[in-house]
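Peer 1: A single structure is presented below for examination.
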């Protein structure tokens, strides 16, 4: 279906509405016009046809009159010809009548002849008549029949004319059944009948006159009678058909027809009887004549009547056709008019609607949103206009909204712009007052237009478009060339590592008009292709800082130097010796060697450079600085040209560098070293002698000044210098025991401490070693028997005490044995119960090994009496305390009569071996301390939530927060953050006088800072290995709502404590 | 871990560098006291990396670098320089040194530079290898 209509639809789519309607309208009107034309022309043809027929009827009526006169004339003329000359007058009269009939006919012919094409035939007929008229009176009686025949032929021509008129006037072609029968009668049957009747009547008169008729004549007359009958019969048939079909015709013609039907047969019968009937049947001539005349008259009457009827019928037909035509034309025209009218209205309605919408849309398109279409119709167009109006309504509302939003946006935008301007200004302000200069430049090495105000201050002028090289090194052309090459390399280099390496070659500090300016470099890569990368310089005036730093650096340098020297003492002494030797003889010897001055210079340069490196490695900063300066001088000389260098010139230039001068440099550093390490340090060449106290204070200094990383590097090395073999700590004991035994009158084998070469921090083990005196004393005083007792017991006279030190993976084991009397477990139990150390029940449950340990309890003493040397019951407990402090343990094994064995397990407390404490380690004590502190202030911790880490190292702060910095061998921050109510409670708990002098906020901050400090310091005390190596200091305390701090590089651990008054957060950042 | 050639005219420096390197697992294939020796040692050992002192008697560091690079363009060489030798370093970088280290030499500093250089030269090797397959 779609494909069927597609071409038309396409055509329609191409046309405007006006053309669409015009096209359809033309097609409708055209087809209607064609139809009407065809219909009307058909009707007109019929009307013409019938009108022509009517003309034929009219003509024939005139012809019938002529026929009537003609056949009357023929009969009269025949009578005259056969001898009735008395009829001459009548004949002339008859001729006149015929002429009159002719003239009447010619009048008709004048009117119709041209249409019916009869004129020429009529003229022929008339001429024939004229001939007949001239010859009329010349016929002899014997030629009467010839005259009759001539007249008959002439009448035949009249009938021919009737036929022709019938043909040319379409009468013969009439299609209507009624009329066609009548016409047939009129054209063929009736003229024939009139003719034959006339003949019969004319001849009959002759018959009546002459009694003797030849057979031929009789036959001929009978034939005429037969033809009359036959004609009448045919006529009757036609008439009957018409009568059957058309009642009105019957009514009109019935009477005349009946007359014909009656009279004609009677006449014919009489005629035939006269001719062929018996002689006696006398038929009066008069009867025959009048009968004939009546019959002919009736036939003519019928003839005329039929013609009239045909004329009426034709008229009726014409009227009907005309009416039909008028009706059809009128109907079609009115329908056409109506259609056209409606179509125009439709066109107007649709097209106008569309045009109106179009105009509406055009005006809308021009921005006239308030325009509306008028709804004139209730059809789709109206609905469309309605929806367009609705749409416009919505559009207008939307437009209003958009405009409002735009206005709103405009306002916002302006605000934003204002804000941006403000921000830019404040940023600019910030940059200008950051105390740093910011400037950037591209590969042209010219300062870009934008730079911060500080730059102007640093360079003391506007620097826009100035060469960076000239700014950095105003006077040093060489450096400028170098920098230029370097910058160009940086701009070209794509490998980041190499670029970074080039960056590191750039000067980090400059001296600009007497000020030290720190320079940081940052390459700013713009998105590819947009712009060449630029380099930003961040200039910081470091003059003041430099001073502070140089002091700090000085101290650091000293420390590094001391540690390096101490730890690489051999290298140090070798370097010092080499250098001293070089100074004393070097220059002179170089001169004596007989080399070229230039060659000597290069050798000298290299030597100095090597010394610089060597001393630099030892951290002897002073030496390095001096040697570097000398090297620079040498380099300058070298650059001036080596080949032409003369000895005199060289010597002259090197004059300031006397041996004394150069040794003096060394002496400066050595003086510093001596100050720290003591005089003894330099007394011997190969051995390092430093007082421990100096080392300790050095260590402490390092911890306070250097970073944890540096501490971790230096401190172990330094500590090892102080370390002694563990054996040394116990060294006094063998002699002590011998002395002691003597006083107790006991004999002891001389013994040596075996093992114990492991180096330990003497300070750590000193306490333990000192307290071992109790063990040895016990062994001598209580363990060993007197020589007599020993002999009695069957032992060797002289007792044996041993002290052995093993190193195991866990640490050191110190084994002290005696082969004395030993102890009984039950005896120990008994004493323990007596001294109230333990109740009876518990004691009995203890295994022997456990029971032996009771001797270490406070207040336990096995001796019966208190002596100067033993028995106060504190000795072994002190040993236990010492060993517990070291984190060790003790095992006692004793057998009555055999001896006692003490086995002490000591962990190796090597600084380097044990990992430095981490911030995480203080978390537990921190938490405990915090809880304790809160409890002491009357706050109960209801809940404690631990949060490990957080997004981007973000720490959410409560209203008050204290930051505490932890430094030393471990580093990090502690953040104590609490709700205000909690801090207020704390403040109330430690309320003091004079608080009113500061504001509440300050006071709360102060309290929180104090609390935080207390917690951290208490917690640090509980961390092993942190003694003095870690320091905590309050950084800052702030009061801020909904603040957060960010430590993206660090790990964050937070504990949230619910106190009932609010939350207290404890965060560790490390 | 890399095979490293240490070139320095100072015995102490050589020892220091050797100690640092060996502590972190590198192998010092040879120590050269001067440039000529260094070139011979390089030929003999074909080390992964060379630490090359700039200031040396005879052939200086830059000359040595140039000679080694001319016969072994792929050589990975780190310059060892004293303070104030930025221009020499720059020249060395132009001549093909991969990086440099400033005296006095610290463990971390030296090792991080060596790691950096070895890492990036490894990358270059891989890239080069791939190129070899493609073409």
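Peer 1: Mind checking which residues of segment B:92-109 are under 22 Å from residue B:21 (Cα atoms) and within 11 Å of another protein chain (Cβ to nearest Cβ)?
Peer 2: Scanning segment B:92-109 gives B:97, B:98, B:99, B:100, B:101, B:102, B:103, B:104, B:105, B:106, B:107, B:108.
Peer 1: Which residue pairs have Cβ atoms under 7 Å apart, sit 6 or more places apart or on different chains, and have a first residue in segment A:809-833 that is in contact (Cβ under 8 Å) with a residue 40 or more places away in the chain and a second that is crowded, with 22+ Cβ neighbours inside 10 Å and part of a loop (DSSP other than H, G, I, E, B)?
Peer 2: Between residues of segment A:809-833 that are in contact (Cβ under 8 Å) with a residue 40 or more places away in the chain and residues that are crowded, with 22+ Cβ neighbours inside 10 Å and part of a loop (DSSP other than H, G, I, E, B), the close pairs are A:818/A:784; A:820/A:784.
Peer 1: Does at least one position in segment B:110-118 carry a residue that is part of a helix (DSSP H, G or I), within 14 Å of the chain's Cα centre (by Cα), more than 8 Å from chain A (Cβ to nearest Cβ) and without any contact (Cβ under 8 Å) to a residue 12 or more places away in the chain?
Peer 2: Checked segment B:110-118: at least one residue is part of a helix (DSSP H, G or I), within 14 Å of the chain's Cα centre (by Cα), more than 8 Å from chain A (Cβ to nearest Cβ) and without any contact (Cβ under 8 Å) to a residue 12 or more places away in the chain.
Peer 1: Same structure again: Given the criterion away from chain A (no Cβ under 14 Å) and in a helix (DSSP H, G or I), identify the matching residue among B:69, B:89, B:17, B:4.
Peer 2: Going through B:69, B:89, B:17, B:4 in turn, the sole match is B:69.
Peer 1: Specify which of the listed residues (A:37, A:19, A:78) is surrounded by 14 or more Cβ atoms within 10 Å (Cβ to Cβ), out of contact with any strand residue (DSSP E or B) (no Cβ under 8 Å at 6 or more places or on another chain) and assigned to a helix (DSSP H, G or I). If you could, list the steps in order and put the result at the bottom.
Peer 2: Numbers: A:37 fails: surrounded by 14 or more Cβ atoms within 10 Å (Cβ to Cβ); A:19 fails: surrounded by 14 or more Cβ atoms within 10 Å (Cβ to Cβ).
From the options A:37, A:19, A:78, the qualifying one is A:78.
Peer 1: Taking interchain pairs and intrachain pairs at least six residues apart, which have beta carbon atoms under 6 angstrom, with the first residue in segment A:204-229 and modelled with pLDDT under 85 and the second not in a helix (DSSP H, G or I)?
Peer 2: The qualifying pairs are A:206/A:82.
Peer 1: Turning to a different aspect of this structure: When only residues in segment A:595-614 that are farther than 13 Å from residue B:8 by Cα and facing chain B (nearest Cβ under 10 Å) count, which is surrounded by the most Cβ atoms within 10 Å (Cβ to Cβ)?
Peer 2: Among them, the one singled out is A:612.
Peer 1: Any residue in segment A:459-481 that is within 14 Å of chain B (Cβ to nearest Cβ), closer than 25 Å to residue B:79 by Cα and surrounded by 14 or more Cβ atoms within 10 Å (Cβ to Cβ)?
Peer 2: yes
Peer 1: Go through (1) touching a helix residue (DSSP H, G or I) at 6+ places or on another chain (Cβ under 8 Å); (2) crowded, with 16+ Cβ neighbours inside 10 Å; (3) free of Cβ contacts under 8 Å to residues at least 24 places away in the same chain one by one and return the number of the condition residue A:84 breaks.
Peer 2: (1)
Peer 1: Given the condition surrounded by 11 or more Cβ atoms within 10 Å (Cβ to Cβ) and within 30 Å of residue A:31 (Cα to Cα), answer yes or no: does some residue in segment A:356-378 qualify?
Peer 2: No.
Yes or no, residue by residue, for (1) at pLDDT 80 or above; (2) part of a helix (DSSP H, G or I); (3) touching a helix residue (DSSP H, G or I) at 6+ places or on another chain (Cβ under 7 Å):
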{"residue": "A:480", "(1), (2), (3)": "yes, yes, yes"}
{"residue": "A:483", "(1), (2), (3)": "yes, yes, yes"}
{"residue": "A:490", "(1), (2), (3)": "yes, yes, yes"}
{"residue": "A:504", "(1), (2), (3)": "yes, yes, no"}
{"residue": "A:520", "(1), (2), (3)": "yes, no, no"}
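Peer 1: Name the residue, out of A:43, A:67, A:63, A:23, that is farther than 30 Å from residue A:204 by Cβ and in contact (Cβ under 8 Å) with a residue 60 or more places away in the chain. Before you say what the answer is, go through the steps one by one.
Peer 2: On the way: A:67 fails: farther than 30 Å from residue A:204 by Cβ; A:63 fails: farther than 30 Å from residue A:204 by Cβ; A:23 fails: in contact (Cβ under 8 Å) with a residue 60 or more places away in the chain.
The unique qualifying residue is A:43.
Peer 1: Please list, ordered by first then second residue, the pairs with beta carbon atoms under 7 Å, 6 or more apart or interchain, first in segment A:526-546 and more than 11 Å from residue A:436 (Cβ to Cβ), second assigned to a loop (DSSP other than H, G, I, E, B) and at pLDDT 80 or above.
Peer 2: Close Cβ pairs (under 7 Å, with a partner that is assigned to a loop (DSSP other than H, G, I, E, B) and at pLDDT 80 or above) amount to A:526/A:533; A:532/A:442; A:532/A:443; A:534/A:442.
Peer 1: Being under 15 Å from residue A:541 (Cβ atoms) and either within 39 Å of the chain's Cα centre (by Cα) or not in a helix (DSSP H, G or I) (or both) narrows it down to one residue among A:416, A:439; which is it?
Peer 2: A:439
Peer 1: OK, next. Quick one: is residue B:52 within 28 Å of residue A:481 (Cβ to Cβ), assigned to a strand (DSSP E or B), touching a strand residue (DSSP E or B) at 6+ places or on another chain (Cβ under 7 Å) and within 14 Å of chain A (Cβ to nearest Cβ)?
Peer 2: Considered against the rule, which asks whether it is within 28 Å of residue A:481 (Cβ to Cβ), assigned to a strand (DSSP E or B), touching a strand residue (DSSP E or B) at 6+ places or on another chain (Cβ under 7 Å) and within 14 Å of chain A (Cβ to nearest Cβ), residue B:52 comes out as yes.
Peer 1: How many residues does segment A:615-655 contain that are within 14 Å of chain B (Cβ to nearest Cβ), surrounded by fewer than 20 Cβ atoms within 10 Å (Cβ to Cβ) and in a loop (DSSP other than H, G, I, E, B)?
Peer 2: Final tally of qualifying residues: 1.
Peer 1: Going through A:520, A:448 one at a time, which residue ends up being away from every other protein chain (no Cβ under 14 Å), surrounded by fewer than 18 Cβ atoms within 10 Å (Cβ to Cβ) and in contact (Cβ under 8 Å) with a residue 60 or more places away in the chain?
Peer 2: Exactly one residue qualifies, and that residue is A:448.
Peer 1: Moving on. Are any residues in segment A:917-945 over 18 Å from residue A:975 (Cβ atoms) and within 51 Å of the chain's Cα centre (by Cα), and if so, which ones?
Peer 2: If the condition is that a residue be over 18 Å from residue A:975 (Cβ atoms) and within 51 Å of the chain's Cα centre (by Cα), then A:942, A:943 are the ones that fit.
Table: residues versus (1) surrounded by fewer than 22 Cβ atoms within 10 Å (Cβ to Cβ); (2) over 20 Å from residue A:483 (Cβ atoms).
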{"site": "B:60", "(1), (2)": "yes, yes"}
{"site": "B:67", "(1), (2)": "yes, yes"}
{"site": "B:71", "(1), (2)": "yes, yes"}
{"site": "B:76", "(1), (2)": "no, yes"}
{"site": "B:93", "(1), (2)": "yes, no"}
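Peer 1: Starting from segment A:372-394, take each residue that is closer than 10 Å to residue A:357 by Cα and list its partners that are exposed (fewer than 13 other Cβ atoms within 10 Å of the Cβ), counting only C-beta distances under 8 angstrom and pairs at least six apart or across chains.
Peer 2: A:385/A:374
Peer 1: Additional query: Take residue A:490 and decide whether it is closer than 20 Å to residue B:101 by Cα and either under 37 Å from the mean Cα position of the chain (by Cα) or within 14 Å of chain B (Cβ to nearest Cβ) (or both).
Peer 2: yes
Peer 1: Then there's this: In the list B:30, B:75, which residue meets the criterion of being in contact with a helix residue (DSSP H, G or I) (Cβ under 6 Å, 6 or more places away or on another chain), in a loop (DSSP other than H, G, I, E, B) and either at pLDDT 90 or above or more than 13 Å from chain A (Cβ to nearest Cβ) (or both)?
Peer 2: B:75
The values are calculated or read from the model by the stated rules, or taken from the named source; none is laboratory data. On a predicted model such as this, the values are computed, not experimentally measured, just so you know. Cβ sites come from the backbone with ideal geometry, for glycine too, and all protein chains shown count toward neighbours.
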